[in-house]
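Nothing in this text is a laboratory measurement; each read-out follows from the coordinates by a stated rule. It should be emphasised that the depicted structure is a prediction, and the values quoted were computed from it without experimental measurement. Cβ atoms come from the backbone with ideal geometry, glycine included; neighbour counts cover every protein chain shown.
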């Protein structure tokens, strides 16, 4: 199968979903051509790695100034800023589409939806009913609803409240524009379907919306049996400029960690992730807290910490930080929000707690019980092996592609 894979940012080891979709589709014998945008030198370097995993990469630079202009131009319209942020018409120039005869077009994220709409028109001009599959990934308006209420950053609350209504309308409308839509979790699927139903003016066919979860590279993220774990050391990971992770880190350091240290003053915290915001960097004033910033490899922290913690206050989709920690054999203490998209068993695969007192108690129980920690780490690893192997997930993606052409043919006859 020839797959045209369009993603509005360069897939890499951090942007795990598109990167592993591309890798594993190639391993399953498909010919994948990637159209993507890059904005900085690191992303430009990532293209070389990506080329090793697929048939071809056709990339265009998206300058920061263009994203700023796109955003400003979207403000007076009814479309969400997110839908315009990555728009770069050069990506769909004739010379980049020349010679492409895909069996399926895959476009990722709300930021890529405008490319999906344009490619829908392109394939109609070609006279070929090529299916267009849009991977929404998450329900962005659900994320905005949570952030508007719970983010600790007033700028995030302001922006998300501004974007919320227009994003809800746009996401609901988009579901009717493509042959199939993908999403990472059942919760996001239900939220998107509710948006589609609320926006319908009359009877309409139900959107074709499938859940394809995220996975873990089980060979890369794995336990290190010869590496001893540091005593009384907690690790909290994620991109630390992202508003939900900023809220998570500050909440943990201010509300949960003091309760743990009241009983275990020897406890240390590693906050690991790129581009930490000022609020996160300020946490390092406490000598027991290390804020690493960007690290070349996340695995040593997940393999050496006593426990991984994920007190996510709000978010959507699957929390990769939880899956990666479990894959590395780290016992995990998580909030209900962190694991709401996962079909795991609390108490067996992870410890789940919500309020600061309960979260701290769960940490203390594990710190004081090596046997329970070991059992939890083993169970977490078994869970990701069973449910989140990228090879299995790529097979499900392939099935989603193969089921879409009939709908595309029907859709093309209706226009």
Normalised alpha carbon radius of gyration of segment 233-388 [divisor 2.2 N^0.38 Å]: 0.94
Principal-axis tilt of helix 356-367 within the chain, Cα atoms, nearest 10 degrees: 70 degrees
Fluctuation leader among 155, 250, 107 - the chain, Gaussian network, Cα springs under 10 angstrom: 155
Efficiency of FRET between residue 121 and residue 55 - r from beta-carbon atoms, R0 30 angstrom, step 0.05: 0.80
Sites residue 64 and residue 239 - FRET efficiency at Förster radius 22 Å, r taken between beta-carbons, to 0.05: 0.80
Peptides ranked, highest mean first, by Cβ atoms within 10 Å: ranges 375-381, 365-371, 325-331: 325-331, 375-381, 365-371
0 to 90° range, to nearest 10: angle between helix 390-402 axis and the chain longest Cα axis: 20 degrees
Per-residue [θ]222 nm for the chain (sum of -39500 (n - 2.57) over DSSP H runs n ≥ 4, rounded to 500): -13500 deg cm²/dmol
Zero-based 10 Å bins, Cα pair distances in segment 349-394, whole percents: 25, 38, 27, 10, 0
Net length gained if the chain between residue 385 and residue 255 were fully extended (0.36 nm per residue, minus Cα distance): 43.5 nm
Residue 263-residue 149 pseudo-label distance in nm [points 7 Å out on the Cα-to-Cβ vector]: 3.0 nm
Highest-first arrangement of 126-137, 219-230, where packing means the average Cβ count within 10 Å: 126-137, 219-230
Segment 233-388, relative contact order [Cα under 8 Å, separation at least 6], %: 23 percent
Order by protection proxy (mean Cβ within 10 Å, highest first), peptides 161-170, 40-49, 111-120: 111-120, 161-170, 40-49
Gain in span if fully extended, residue 281 to residue 358, counting 0.36 nm per residue against the direct Cα distance: 25.1 nm
Approximate shape of segment 229-281 as ellipsoid semi-axes (Cα gyration tensor, √5λ), whole Å, largest first: 21, 13, 7
Pairwise label distance in nanometres, residue 274 with residue 218, each label 7 Å out on the Cα-Cβ vector: 2.7 nm
Directionally averaged projected area (convex hull, Cα atoms, segment 206-323), nm²: 9.2 nm²
Between helix 64-74 and the chain: long-axis angle, C-alpha atoms, 0 to 90°, nearest 10: 70 degrees
Span from the segment 65-83 Cα centroid across to the segment 243-279 one, whole angstrom: 34 Å
Volume per residue that the Cα convex hull of the chain spans, once the total is divided by residue count, Å³: 141 Å³
Calculated FRET efficiency for the pair residue 40/residue 194, C-beta based, R₀ 25 Å, to 0.05: 0.10
